[in-house]
Amino acid sequence: MFVSGFTIARNVVRADYPLREAVFSILPVCDEFVISVGDSDDRTLEYVKSFGDPKIKIIETKWDDNLRVGGRVLAQETNKAKDAVNSNADWLFYIQADECLHEKYLSKIRDKMQSELKNEEIDGLLFDYKHFYGSYDYEGDSRKWYRQEIRVIRNNPQITSYRDAQGFRLGNADKLTVVHSGCTMYHYGWVKHPKLQQAKQEQFHRMWHDDNYMKKNVYQSGDFDYHSIDSLAKFNGTHPAIMQARIDKQNWVFDHDISKKKFNLKSGLLYFIEKLTGWRIGEYKNYKLLH
């Protein structure tokens, strides 16, 4: 069994993405890893070259900013990275620049890929998600956070990155048939110093909106306001070991009273039903789950 990892990167240094941690968190289960580095105006290419692992293959691309509205450029660049993997790979392991896999899942995901290798009915493997917010001590627990997504796909040329590169589709239309991996992906996109989080928001929204929208709704000076969140829960588990050095360097304080919720009547009712039953009413699922 041959496994290729892949991801994309552009201006990740300026917005303080934990790309190195993301890559090295899944590198032990990959036989190669492709990082597609877009034309950046910070030191992203130098940063990626410093990773220095022989499994890592770097390709350089130019992003088409005409496709930025709706995040389409993210899917296009993800497909470039996917197309650069070894053609003989069996599985492809995709990870985004602000995600990490806990080391406790490494053997489990490798075993799952092996056990499903000959099952041609399966297009990919589904992961649960933990979304950290404000600091490494809190995680989002409301409906605004997606609960699951595909991160391992079969090496099938017909499988392509979908919309804003959050998931995948067959021929950009049909949902993939998946089984659950038994693993959880840790998402750190909302854990940065407030100044860096504001810079990241500006950079991210440029992948979705035109300049007029940015001027009216996003560009601003100062720090990002973490206290506008609707609901958080306290995180009492352990983080991936690869993240520990970054966690130890946290240089800001975020304290939150988890008993305080900011819901309207409808959102509060749906939140209560989900916590009581585990059922998320009307949940969007970008996949077909077999088991």
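What strands (runs of 3 or more DSSP E) lie completely within the range 107-209 and have 2 or more residues being within 28 Å of residue 279 (Cβ to Cβ) and not small (Gly, Ala, Ser)?
Because the criterion is at least 2 residues that are within 28 Å of residue 279 (Cβ to Cβ) and not small (Gly, Ala, Ser), the strands (runs of 3 or more DSSP E) in the range 107-209 that meet it are 124-133, 138-140, 148-154, 167-170, 177-190.
Between a residue in the range 97-125 that is without any contact (Cβ under 8 Å) to a residue 60 or more places away in the chain and more than 23 Å from residue 19 (Cα to Cα) and any residue that is of a type in the set (Phe, Trp, Tyr) and in a loop (DSSP other than H, G, I, E, B), which pairs come within a Cβ distance under 6 Å, given they are 6 or more apart or on different chains?
Close Cβ pairs satisfying both conditions: none exist.
Name every residue in the range 10-47 that is among the polar types (S, T, N, Q) and more than 19 Å from the chain's Cα centre (by Cα), in order of residue number.
Passing the criteria: only 40.
Which residue, of 66, 86, is of a type outside the set (D, E, K, R), in contact with a Phe, Trp or Tyr (Cβ under 7 Å, 6 or more places away or on another chain) and surrounded by fewer than 18 Cβ atoms within 10 Å (Cβ to Cβ)?
When all the criteria are applied, what remains is 86.
Return the residue satisfying two criteria in turn: it lies in the range 1-24 and is closer than 25 Å to residue 194 by Cβ and not aliphatic (A, V, I, L, M), and of such residues it is modelled with the lowest pLDDT.
14
Residue 201 - would you say it is within 23 Å of residue 25 (Cα to Cα) and modelled with pLDDT under 90?
No.
Between 94, 105, 138, 133, which is among the aromatic types (Phe, Trp, Tyr), touching a strand residue (DSSP E or B) at 6+ places or on another chain (Cβ under 9 Å), surrounded by fewer than 22 Cβ atoms within 10 Å (Cβ to Cβ) and at negative phi?
Every option except 105 fails the conditions.
If you take the residues of the range 108-127 that are surrounded by fewer than 16 Cβ atoms within 10 Å (Cβ to Cβ) and of a type outside the set (Lys, Arg), which of them is nearest to residue 15 (Cα to Cα)?
Checking each candidate, the answer is 111.
Looking for whichever is within 26 Å of residue 99 (Cα to Cα) and in contact with a strand residue (DSSP E or B) (Cβ under 7 Å, 6 or more places away or on another chain) here; the options are 288, 249. Which one fits?
288
Just give me the residues in the range 210-234 being assigned to a loop (DSSP other than H, G, I, E, B), modelled with pLDDT of 80 or more and hydroxyl-bearing (Ser, Thr, Tyr), in sequence order.
231
Can you find a residue that is outside any strand (DSSP E or B), of a type in the set (S, T, N, Q) and crowded, with 22+ Cβ neighbours inside 10 Å anywhere in the range 32-43? Let's see the steps before the verdict.
Within the range 32-43, the subset outside any strand (DSSP E or B) is 39-43.
Checking the rest, the ones that are also of a type in the set (S, T, N, Q) come to 40.
Among the residues that remain, those that are also crowded, with 22+ Cβ neighbours inside 10 Å are: none.
Checking the range 32-43: not a single residue is outside any strand (DSSP E or B), of a type in the set (S, T, N, Q) and crowded, with 22+ Cβ neighbours inside 10 Å.
Test each condition in (1) closer than 18 Å to residue 185 by Cβ; (2) part of a helix (DSSP H, G or I); (3) of a type outside the set (Gly, Ala, Ser) for residue 100 and report the one that comes out false.
Only one criterion is unmet by residue 100, namely (2).
Tell me which residues, restricted to the range 59-84, are of a type in the set (A, V, I, L, M) and out of contact with any Leu (no Cβ under 8 Å at 6 or more places or on another chain).
If the condition is that a residue be of a type in the set (A, V, I, L, M) and out of contact with any Leu (no Cβ under 8 Å at 6 or more places or on another chain), then 59, 67, 69, 74, 75, 81, 84 are the ones that fit.
So for the range 62-76 (the condition being free of Cβ contacts under 8 Å to residues at least 24 places away in the same chain, out of contact with any Gly (no Cβ under 6 Å at 6 or more places or on another chain), in a loop (DSSP other than H, G, I, E, B) and farther than 26 Å from residue 127 by Cα), does at least one residue qualify?
Yes, the range 62-76 contains at least one residue that is free of Cβ contacts under 8 Å to residues at least 24 places away in the same chain, out of contact with any Gly (no Cβ under 6 Å at 6 or more places or on another chain), in a loop (DSSP other than H, G, I, E, B) and farther than 26 Å from residue 127 by Cα.
Can you name the number of the only condition in (1) without any contact (Cβ under 8 Å) to a residue 60 or more places away in the chain; (2) farther than 27 Å from residue 124 by Cβ; (3) hydrophobic (A, V, I, L, M, F, W, C) that residue 15 fails?
(1)
Give me the residue from the range 235-260 that is of a type in the set (A, V, I, L, M) and assigned to a helix (DSSP H, G or I) and, out of that set, nearest to residue 134 (Cα to Cα).
Going through the qualifying residues, I end up with 247.
Any chance you could count how many residues in the range 261-282 are outside any helix (DSSP H, G or I) and surrounded by 12 or more Cβ atoms within 10 Å (Cβ to Cβ)? Outline the logic, then answer.
Within the range 261-282, the subset outside any helix (DSSP H, G or I) is 261-264, 278-282.
Pick out the ones that are also surrounded by 12 or more Cβ atoms within 10 Å (Cβ to Cβ) and you get 261-263, 280.
Summing the residues that are outside any helix (DSSP H, G or I) and surrounded by 12 or more Cβ atoms within 10 Å (Cβ to Cβ) in the range 261-282 gives 4.
The values are calculated or read from the model by the stated rules, or taken from the named source; none is laboratory data. This one's a predicted model, so the numbers in the text were calculated from it and none came from an experiment. Neighbour counts run over all protein chains shown; Cβ positions are idealised from the backbone, glycine included.
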